Structures are given as C-alpha cells and as structure tokens.
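This report concerns only the one structure given below.
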Amino acid sequence: MPFMSYRRYIPLLAFLLLAGCSSPPPQAENITPTAAAPAEPTITLPAPVADSAPAAVPTASPMPTPAGPLTRSAVWGDGVPLDAVYTPDGKSIAVLRPSTLELRAADRPTDLRWRVEIGTLPSALAITPDGTSIAVSTGATITIYATADGSISGTIPGLGAPITDIAISPDGRVIAAAQSDEVISLWDRAERSSLSELRLPQSDGDAIVPGAFTSVAFNPNGQSIAAGDDGGNVAVWSTTDGVALQILNVGMRVVADVAFSPDGSAIAAASEGWRTEPGSIRIWDVASGAELHWLSIDDGTRFLAPAKRIAFAPDGSQVLMGLADGGLLRWKLADASLAQELHGHSAALTALAYRADGSEILSASTDGSLRTWHADGTPAKTLTSLGAVSAIAVSPDGTLVISGAEGGAIDVYQTDGTLVTHIPGLGGWISALAISSDGATLAAAGGDAVVRLWKLPGGEASGELRGHDGPALAAAFSPDGTHLATAGSDGTLRLWRVPSAAEERSATVLETDGMSSTSLWQIAFSPDRNVIAVAGNEGAVSLWRSADLTLIERRALPGSSSVSHVAFSPSGVVIASSYDSSSQQQGTQLYTWADPGTAPISLISDPLTDFAILPDGAIAALNNSNLSVWRGPAAAPNRYADATASGFTVIASGPHTIAIGSRLGVVEVWAVH
C-alpha cells in the first residue's frame, strides 16, 4: 500500500506534506486561534534600519545554468520507500521510491537487481499474481513494468483523477484504481481499456457521505473488491455486477488501508483515529457486515498512533498493524490479543506484507528503512537510507548541512554530501534545528518535549533541556550564543542558559481553552539579541523582550489564523509567513512591517512552504515547485533567481549557501552567486 502521508493530498500537492509533526503550514492546523496571554503595557520597538539594495538585479532564469545566480551543488538521499511488496515467489522485493522503481533480492535487500527512473511522483504499486508485471500509479496514469528487467510494457493514461492506490485481481486480468474523485475505476490490464466504475451508493436522505478513496483491495476469492476513503467509509462490491454488498464505517476517520483475510471471509480497515480515539484496526464479516474485532490500545498508559498499514498472516490467524510512529504490532485473532510488538522503525509505516509462505515479514517506513523480519518477529535484514527530512540547518560558516528526520535521526554532512556524523533517533521526530553562532553546538527540538544539545561536528551529546509539556517545536540561539530560546505545543516560550542548560525564565504566549491548539511553530532572535519573535497558532507575530520575557507588542496579520514562520533580517526587519484565507492567492504568503503599529506589507504573494534569510539579507523562499531568491529593499524585494525544486518543504541558509530538505528523503544544496 502507498505512503499515506502524502497520498491523501495528491490532488492538492505534488509531494508530501506529513502530518502534523514540525512547523507545518498553518492551514494544516484547521482550528480556531487561541486566546492570547494577557499583554504587558506596549513598548515601542525601534524601527529597523532599511536594508540596502544590491547594485544590480539580474533577470531571473527559470532553470539556472552553471554560470547563473543559483546553481545546485550537491544532492543526496535515495528517497524514502513509499511502497514495497514481495514478488509472488518470495525471491525479490519491489520497492517504490519518489523517483525510482527498484527490484531487490529478498534475502539480501542490499543487492539491487534493477532500478528505473520515474518522472512523476508515484503513489502506489501492485504486482501481478504470476509475478511477471509490476503496476505503478503516477498522477492519473498507470504504467506497467516487466518484472524481469524493469522495461515498460504498457500504460493506462488519462484516468479521471489522481490515483491514490491500485490493486490487481487474483486472476491478473483487472487493475483497480482508487481515485481522489470518489471513484474506483476498473481496467482490463491486457487491453488497457476501461471496464467500469464503482461509487458509494447514495439516495435521497442517505447518511453516507463519500470521501476521496485512499485504499483498495481485491478479495482473494475474486468475488468482491473493497475500498476505504478519507471519510471513514469502507465499501465492499461484487466483482460480478458492481453491486455494493456492504457499506461499513469507522466514524469520521481516515481509512488508511484495507485488506481481506486470506480466506476472503473478513475485511479489515486501518483507522487513523482522532484526538480522543486511538488508531485501530476494525474487522468485519464480509457476508453479514457484523463487526468481529476492534484492535487497539487506549488503557491510560498508551494511546496508539494512527494506524497506517494492515497485513494478514497467510494462515489468517494473525494480523499485523503498522502505525504512524513506527510501531509494528502483531495481533492474535483468536482472542483479539496483542501477541507481539516488533521494534525497529521510528516513523510512519508505508508498506507491510508477509512473504507468501509466511516465513518472513516485509516493512518500510518514512524513517528511510526497508526491513525484513523472521516469522517469529526477530529482525532479519535492513536497508537504510535518508529518512523524511523534517528540519534542516546550515552552519554559520557554510561548511556543514545538518538534517533532522521524522524518525528522530540527525545527520551531519559536508556541503558536498559527505556524511560526517550520524546521530540515531532518541525521542520522536525532529521539529527544529538551531546552531550556535560559533558553530560548536547544535540544538534539536524533539517530539518527545525534549530539546537536546550536541557538539559539532562530532555529534557528542552535551545536554538535555526539559520543561515543555508537549512536543518542542522551535529553537533559536541568541546571536552571542549565551542563550537558547525554545517554544512548543504547550504555548510557552522558554529561555535557557548555554552551556549549563539551566532554564532562566518562561512565558506563556498562548493560553489554552481546552480545545484549540497552542502550538508555537517558530522563533527568532533579533540581531541585537534584545527581542524574540514568535510565530504560532494565532493571527499575529508576538515580540518579546529577551531580558525578562515580557510582551512588547503583537503584529497582526489580517485574514490569518496562524503564523507558520518568522525571522529577522540582518538589519532587524521582522519577516513572517502566514496563510491568508482572505486573499485571492489562498496560500501562505510573506509579510513585513515598515514600522511598528503599521499595517503589514505583502512581500511575496507566491504560496510558500518555508523561507530563510541569507546573511546578506536576501530572502530564499520555497513553494510547491520552486526555489527562489529575492533581493532588494526589505519592504519591496525583487526576484533575483529561480530554480525548479519540487517536493521540498524545509529550508536553511548560510553564506552564499541554501540547503533544502524533503519529507520524501532528499537534501539539495544550492550555491547563490
């Protein structure tokens, strides 16, 4: 099954956008802004000095040449495995990555049999029962590859909408495509022709609310087909006449995966759950629709993360459950008891399968790893690559690029991609990275509420900062390196002394009302270290005096419910990005203020995912498909250079250097001339 972290949003984005881990765009937090903490008397913040414009502004070129203003100098990361499956004979593993399809030896996954390039971000793969062909969906197209050598044997183009999942019938004749337009389309594999379309049945007064389909599976007996959607529906249709046999529901939850039991008598659905409901597997009887099992944990000591993947054991006695936090659980169906937990992954499962003879288990994750397990759950083989990048930083001297992953690992590289240090994950995803001005200390904000300090470049642990009640989401060193500011989902801003790791003071930026988020996404010190700017789940940037953490002022952004990023220019200009629901662009845009108390000025109206300020004051901005550099006066920068950079979500800068990272497991370094 495909990588759910992005497949639900294929109609909107050409790349991943995870869910909800680190400095996300504010529109992902679809909740009302919280009440702000009581303000201290307003203190007038001195107006910043205007940035000077460069001597000349060259015309931007869509793709820079080696002599142009913006050139790619290094790329690393194979891309996270989005999907993986055993061939029917169990001898090989087909692996789908963001830009490649691979066939690897099952007993030795490091052995690559072949690899082919894929030009468009894929969403799913399926293999024919005879093992001769592999189908891959990209956008609204299905491409058929020969298992023997990876050559293309056919294409089914022009499906009505982006495809989120595919499945092949037990006789190999039919390909089913789950589409984002609430349709399951059936295609003749040999003729590449349309057979029929399946939809959720609806009538006047019907309570069924269709959603975008996320997953599809054929019954092993060939008599039915099932699909799940992002509105909690699980439908079972007859393959003979397309009549709906069962319409089941897990509530208004995302169904991330569906699977039939080996004998075809039961259908299982992976539910992502909700804030008050854990991730779970629900299993129903296909014939009667009666619920057989609800498999989950919510006992006061553990609350399961969203369920992402399901796999039945070949004998039907057990079912595997893959979670969004990397958990891998084995359930015994005889008594619905948890039989075993397999430890190894640290981020969302993207694939889960048994070998046909039941002798091994295959799993893949956004932590970048592909793993096989013996039947008893002990580890067998592991193939690792760069995981989904959730944070990135560049050292002050521009010689190092540090990436933090959703799985919690931190990697330190030279700018040419040479690995210097690997720091294994310790506490959930990395939300933010910050480097001290002398380049000697790295701070990593983690999903386990801890901010960890590491020495650079060696990666030796040098301290832990504990105090946040919930994930730590942001970190920033003071310009003189004596203090570290942190912020988190608990709505607090905290100031720590470095290197003693002692907390000096804290302030509540956002008060909780019990329902709304109090997340603070990003913080920044002013160049003179006297002010800390905070971006969070409110429609304003708040400015705090660093000496005593008292509020100076709040700078509102009309039409915004959340501010995702904030930074200071070298001359002290506050720059922030926010989602503006009132604008025609309907996206995250960049703003600044000419003076305290004045209305915000729109700097860049292109929808953005992240931005960074270069040491010379230039702005580097990321959107869904481009990297751009802007130069000029702080209140009216001009586009200086553009480059294609699809699928990247985080950005950092150093002297003449930009580093960008993707949740698809790739890092690029660009030189700015």
On the given criteria, is residue 633 open to solvent by 20 Å² or more (accessible area, probe 1.4 Å), touching a residue at least 60 places away in the same chain (Cβ under 8 Å), on the phi < 0 side of the Ramachandran plot and touching a Gly at 6+ places or on another chain (Cβ under 7 Å)? no
So, in the stretch 403-438, of the ones that are of a type in the set (Val, Ile, Thr) and in a strand (DSSP E or B), which residue ends up nearest to residue 327 (Cα to Cα)? 430
Suppose we filter the stretch 365-414 for residues that are open to solvent by less than 30 Å² (accessible area, probe 1.4 Å), more than 20 Å from residue 661 (Cα to Cα) and either out of contact with any Leu (no Cβ under 8 Å at 6 or more places or on another chain) or in contact (Cβ under 8 Å) with a residue 60 or more places away in the chain (or both); how many remain? 3
Identify the residue in the stretch 598-627 that is assigned to a loop (DSSP other than H, G, I, E, B) and within 21 Å of the chain's Cα centre (by Cα) and, among all such residues, is nearest to residue 403 (Cα to Cα). 609
Grab the strands (runs of 3 or more DSSP E) fully contained in the stretch 67-139, keeping just those with 3 or more residues being out of contact with any helix residue (DSSP H, G or I) (no Cβ under 7 Å at 6 or more places or on another chain) and either among the small types (Gly, Ala, Ser) or over 27 Å from residue 324 (Cβ atoms) (or both). 70-76, 112-117, 133-138
Quickly run through the stretch 229-256 and pick out the residues that are in contact (Cβ under 8 Å) with a residue 24 or more places away in the chain and either under 17 Å from residue 169 (Cα atoms) or among the β-branched types (Val, Ile, Thr) (or both). 234, 235, 236, 237, 239, 242, 247, 250, 254, 255
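Condition first: under 17 Å from residue 81 (Cα atoms), surrounded by fewer than 19 Cβ atoms within 10 Å (Cβ to Cβ) and in contact with a Gly (Cβ under 6 Å, 6 or more places away or on another chain). Can you find one or more residues in the stretch 116-137 that meet it?
yes
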Residue among 207, 161, 235 that alone is aliphatic (A, V, I, L, M), out of contact with any His (no Cβ under 7 Å at 6 or more places or on another chain) and outside any loop (DSSP other than H, G, I, E, B): 235
Looking at the stretch 423-443, can you tell me whether even one residue there is hydroxyl-bearing (Ser, Thr, Tyr) and over 20 Å from residue 392 (Cβ atoms)? no
Would a scan of the stretch 290-310 turn up a residue that is more than 27 Å from the chain's Cα centre (by Cα), within 19 Å of residue 86 (Cβ to Cβ) and of a type in the set (Asp, Glu)? no
Positions within the stretch 183-219 being of a type in the set (Ser, Thr, Tyr) and farther than 22 Å from residue 308 by Cα, in sequence order: 185, 193, 194, 196, 203
Pull up the stretch 541-557, narrow it to residues that are assigned to a strand (DSSP E or B), more than 16 Å from residue 476 (Cβ to Cβ) and of a type outside the set (D, E, K, R), then point me to the one that is modelled with the lowest pLDDT. 556
Out of (1) in a strand (DSSP E or B); (2) closer than 27 Å to residue 406 by Cβ, the odd one out for residue 630 is which? (2)
Do we find that residue 649 is within 21 Å of the chain's Cα centre (by Cα), of a type in the set (Val, Ile, Thr) and open to solvent by less than 50 Å² (accessible area, probe 1.4 Å) in this structure? yes
List the number of the failed condition for residue 194; all other conditions in (1) assigned to a loop (DSSP other than H, G, I, E, B); (2) over 33 Å from the mean Cα position of the chain (by Cα) hold. (1)
Pair list, Cβ under 7 Å, 6 or more apart: the stretch 88-111 residue farther than 24 Å from residue 663 by Cβ and of a type in the set (Val, Ile, Thr), other residue assigned to a strand (DSSP E or B) and open to solvent by 20 Å² or more (accessible area, probe 1.4 Å): 110/383
Within the stretch 400-433, count every residue that is of a type outside the set (A, V, I, L, M, F, W, C) and within 14 Å of the chain's Cα centre (by Cα). 6
Can you tell me which residue in the stretch 415-439 is farthest from residue 343 (Cα to Cα), limited to those that are crowded, with 20+ Cβ neighbours inside 10 Å and aliphatic (A, V, I, L, M)? 435
Six or more apart or on different chains, Cβ under 8 Å: which pairs go from a residue in the stretch 418-438 that's over 19 Å from residue 450 (Cα atoms) to one that's in a strand (DSSP E or B) and open to solvent by 60 Å² or more (accessible area, probe 1.4 Å)? Could you list them? 420/414
Being under 25 Å from the mean Cα position of the chain (by Cα) and of a type in the set (S, T, N, Q) narrows it down to one of 542, 517, 506, 546, so name that one. 517
Pick out the one residue from 537, 530 that is within 28 Å of the chain's Cα centre (by Cα) and either open to solvent by 10 Å² or more (accessible area, probe 1.4 Å) or within 30 Å of residue 647 (Cβ to Cβ) (or both). 537
Where in the stretch 440-505 are the strands (runs of 3 or more DSSP E), entirely inside, with at least 3 residues that are surrounded by fewer than 20 Cβ atoms within 10 Å (Cβ to Cβ) and either of a type in the set (Ser, Thr, Tyr) or in contact (Cβ under 8 Å) with a residue 12 or more places away in the chain (or both)? 461-466
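The values are calculated or read from the model by the stated rules, or taken from the named source; none is laboratory data. The shown structure was predicted, so the numbers you read here are calculated from the model rather than taken from an experiment. Positions of Cβ are generated from backbone atoms using ideal geometry, with glycine treated the same way; all protein chains shown enter the neighbour counts. For the accessible areas, the whole protein counts, side chains as well, though only heavy atoms, and no ligand, DNA or RNA atoms are used. Shrake-Rupley method; radii C 1.70, N 1.55, O 1.52, S 1.80 Å.
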